[in-house]
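These notes concern the structure reproduced below.
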Amino acid sequence: MPARLPSWAWTSGLTVGAIAAVTVLAVQADKGPHPTASSAKPSSSVSAQPTPTASAPARVPDGSGTGRRIVYSLGEKRVWMVDASEATRRTFTVWPGTVSPAPGSYTISSRNEATTGSDGVQIEHIMYFAAQDGVSVAFSNAVDGSSPPPAASGGKTGGVRMKKADGTALWAFGTVGTTVAVVR
């Protein structure tokens, strides 16, 4: 009858085996192909609505202030999340409603996790930061991930909609009191 190994010997053998396997995989990964940047050619197709996208940080507009803030460009229909060291943490395009705030400095005054927008769409990550012409202006995203601009239906809407992933990131970044710099 063969000798039985103590339990500590069995556990040590498994640990050594696991470390060896991880080391082999790490060496293989290091020697494997690495992704490289490629340039995408513009598409010749034209869509009726631009699709907001997260992208490499575009330059934060001049005159947007300093320090940790959210910058919203009315003309570019773009938002930047800027940290205290002036680094852009994320930037993405948005779909504004029919009412936009005047350029200036605002703060996020309140947040609401989810509700129904004035256009009847279920929205989440609502962050109110301005009022214009009696309409509250807020960042939000559609719960179902759809990304149409807030539907006016003849009424005034102050929603600034974005893709769901961008809404989630902005929700984590923009707490009550966070500065929102609105620029042209």
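The values are calculated or read from the model by the stated rules, or taken from the named source; none is laboratory data. Everything quoted here is computed from the prediction, not taken from an experiment. Note that each Cβ is placed from the backbone with ideal geometry, even for glycine, and that neighbours are counted across all protein chains shown. Side chains are part of the model used for accessible areas, which takes the heavy atoms of the whole protein and leaves out ligands, DNA and RNA. Shrake-Rupley method; radii C 1.70, N 1.55, O 1.52, S 1.80 Å.
Numbers below:
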quantity: Filtered residues of region 92-102 (kept if small (Gly, Ala, Ser) and open to solvent by 20 Å² or more (accessible area, probe 1.4 Å)); calculated: Ser100, Ala102
quantity: Qualifying residue in region 169-176 (condition: without any contact (Cβ under 8 Å) to a residue 40 or more places away in the chain and within 20 Å of the chain's Cα centre (by Cα)); calculated: yes
quantity: Total residues in region 74-91, condition in contact with a Phe, Trp or Tyr (Cβ under 8 Å, 6 or more places away or on another chain) and touching a residue at least 40 places away in the same chain (Cβ under 8 Å); calculated: 4
quantity: Residue count for region 113-140, restricted to those that are modelled with pLDDT of 95 or more, open to solvent by 20 Å² or more (accessible area, probe 1.4 Å) and not small (Gly, Ala, Ser); calculated: 5
quantity: Wholly within region 70-184, strands (runs of 3 or more DSSP E) carrying at least 3 residues that are farther than 16 Å from Val60 by Cα; calculated: 110-116, 122-132, 135-142, 159-162
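So that you can scan it fast, the table gives a plain yes or no per residue for (1) open to solvent by 60 Å² or more (accessible area, probe 1.4 Å); (2) at pLDDT below 75; (3) small (Gly, Ala, Ser):
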{"residue": "Val46", "(1), (2), (3)": "yes, yes, no"}
{"residue": "Gly63", "(1), (2), (3)": "yes, no, yes"}
{"residue": "Thr66", "(1), (2), (3)": "yes, no, no"}
{"residue": "Ser73", "(1), (2), (3)": "no, no, yes"}
{"residue": "Trp80", "(1), (2), (3)": "no, no, no"}
{"residue": "Gly104", "(1), (2), (3)": "no, no, yes"}
{"residue": "Arg111", "(1), (2), (3)": "yes, no, no"}
